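Heads up: the structure comes next, in structure tokens.
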Amino acid sequence: MSTKRLLIMFALLVGTLYASDAHAQACTISATSVNFGSYNVFNGSDVDSTGTVTYRCNGSAHNITIGLTQGASATFNPRQMQKGGEVLTYNLFRDASKSSIWGDGTGGTSQYQIGNPPNNTNVNLTVYGSVPAGQDVSAGSFADTVTAVINF
């Protein structure tokens, strides 16, 4: 049986603003990878996995949004992992039911939004990933890099 190692790496984009004003808005963001493990081309089930985006804001930060980039793909739906010139499609979602593609709010995607985030508290957001079954690809490691972006 042919299996593939799949890994989505979240690049870290630090959205921290430092200013001399003690009441300035400030947020930080970090992420863990969505690692799909092995993909069997003969398995009829999607391969699902999760990762985490963690953010922390001070009490002056309001109306924040957190989006995910397309990675190396030209579109959000589907995203693509690559191995050389070969492509394995996948996507990242805000919900376990895979109904809301996590993107930048364009093209039918959605972002995480909150008007008043908790003050100086780490907030963990689950990223739900899925690789659709039935893709005929060769064995090897497929990867993509998606960046989590916080705006505040």
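Below, the figures for the structure above:
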item	result
Single residue of Val137, Val87 found to be assigned to a loop (DSSP other than H, G, I, E, B) and buried (at least 16 other Cβ atoms within 10 Å of the Cβ)	Val137
Matching residues in the range 24-51 - criterion: being assigned to a strand (DSSP E or B) and among the aromatic types (Phe, Trp, Tyr)	Phe36, Tyr39
The range 52-82, subset open to solvent by 60 Å² or more (accessible area, probe 1.4 Å) and not in a loop (DSSP other than H, G, I, E, B), residue nearest to Asn151 (Cα to Cα)	Arg56
Residue check, Thr147 β-branched (Val, Ile, Thr), touching a Leu at 6+ places or on another chain (Cβ under 9 Å) and surrounded by fewer than 19 Cβ atoms within 10 Å (Cβ to Cβ)	yes
Exclusive hit being under 15 Å from Ser30 (Cα atoms) and of a type in the set (Ser, Thr, Tyr), set Thr89, Thr75, Thr109, Thr52	Thr52
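Here is a yes/no grid of residues against (1) open to solvent by less than 20 Å² (accessible area, probe 1.4 Å); (2) in contact with a Ser or Thr (Cβ under 8 Å, 6 or more places away or on another chain):
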{"site": "Phe93", "(1), (2)": "no, yes"}
{"site": "Ser99", "(1), (2)": "no, no"}
{"site": "Trp102", "(1), (2)": "yes, yes"}
{"site": "Gln111", "(1), (2)": "no, yes"}
{"site": "Asn119", "(1), (2)": "no, no"}
{"site": "Asn124", "(1), (2)": "no, yes"}
{"site": "Ala133", "(1), (2)": "no, yes"}
{"site": "Ser141", "(1), (2)": "no, no"}
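The values are calculated or read from the model by the stated rules, or taken from the named source; none is laboratory data. From a predicted model like this one, the values you see are computed outputs, not experimental measurements. Quick reminder, even Gly has a Cβ in these numbers, built from the backbone with ideal geometry, and neighbours come from all protein chains shown. Accessible surface areas use protein heavy atoms only, side chains included; no ligands, DNA or RNA. Shrake-Rupley method; radii C 1.70, N 1.55, O 1.52, S 1.80 Å.
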